[in-house]
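Asks: Dumping the structure here so I can ask a few things about it.
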Amino acid sequence: MITTAKTKTEIQQAAICRCTDKATHEVFYAVKSDSSDTWYQIRWNGNTWMCDCPATKPCKHMRAVNEVLAVRRASIAAQMGGEMPAIVARMQAEEDAKRAAYVQAFDPCGTC
């Protein structure tokens, strides 16, 4: 029996939009599919980001949103100055560790 390993992929297009649900005022992200005209919604469920795409989670759409958020946080912290950049860097490292643990729990072979 031949098995093939999936390769972890990243978003090729830079189409990531920050949105607000008009009914609930919830902030979420929309990420365009690389292979079609479909837009996927990435929403915070109180614990982690969840995407409505059919791919195995965590998917490349969720990783793209996390990358955008890391840059956004660092930019805001730099504008605030003082101790804020160091505080945000520490908090980002903690979040990255949590995300790595999540990936390890749901994708132990690192193929997604």
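The values are calculated or read from the model by the stated rules, or taken from the named source; none is laboratory data. Fair warning: this is a prediction, and the values are worked out from it, not measured in the lab. Counting neighbours? That spans all protein chains shown, and the Cβs are built from the backbone with ideal geometry, glycine included.
Asks: Can you list residue pairs whose Cβ atoms sit under 8 Å apart, with the first residue in region 56-68 being free of Cβ contacts under 8 Å to residues at least 40 places away in the same chain and the second being crowded, with 19+ Cβ neighbours inside 10 Å and aromatic (F, W, Y)? Count only pairs 6 or more apart in sequence or on different chains.
Replies: Final answer for the pair search is M62/W49; N66/W49.
Asks: Turning to a different aspect of this structure: Would you check which residues across region 68-109 are at pLDDT 85 or above and either in a loop (DSSP other than H, G, I, E, B) or in contact with a strand residue (DSSP E or B) (Cβ under 6 Å, 6 or more places away or on another chain) (or both) and list them?
Replies: Selection gives V68, G81, G82, E83.
Asks: Does region 44-63 include one or more residues that are at negative phi, assigned to a helix (DSSP H, G or I) and β-branched (V, I, T)?
Replies: There is no residue in region 44-63 that is at negative phi, assigned to a helix (DSSP H, G or I) and β-branched (V, I, T).
Asks: Give the residues of region 40-49 that are closer than 19 Å to A15 by Cβ and not polar (S, T, N, Q), sorted by residue number.
Replies: If the condition is that a residue be closer than 19 Å to A15 by Cβ and not polar (S, T, N, Q), then Y40, I42, R43, W49 are the ones that fit.
Asks: To continue, here is another question. Condition test on S33, is it under 15 Å from A15 (Cβ atoms), at pLDDT below 90 and of a type in the set (G, A, S)?
Replies: Considered against the rule, which asks whether it is under 15 Å from A15 (Cβ atoms), at pLDDT below 90 and of a type in the set (G, A, S), S33 comes out as yes.
Asks: Here's something else I'd like to know. C51 fails exactly one of the following numbered conditions: (1) at pLDDT 90 or above; (2) surrounded by 12 or more Cβ atoms within 10 Å (Cβ to Cβ); (3) out of contact with any helix residue (DSSP H, G or I) (no Cβ under 6 Å at 6 or more places or on another chain); (4) among the hydrophobic types (A, V, I, L, M, F, W, C). What is the number of that condition?
Replies: (3)
Asks: Another question, if that's okay. What single numbered condition from (1) modelled with pLDDT of 90 or more; (2) farther than 22 Å from Y102 by Cβ fails to hold for M1?
Replies: Exception for M1: condition (1).
Asks: Under 6 Å by Cβ, and 6 or more places apart or on different chains, what pairs join a residue from region 79-95 that is without any contact (Cβ under 8 Å) to a residue 24 or more places away in the chain with one that is surrounded by 12 or more Cβ atoms within 10 Å (Cβ to Cβ)?
Replies: Close Cβ pairs (under 6 Å, with a partner that is surrounded by 12 or more Cβ atoms within 10 Å (Cβ to Cβ)) amount to M84/A77; P85/A77; V88/R73; V88/A77; Q92/A70.
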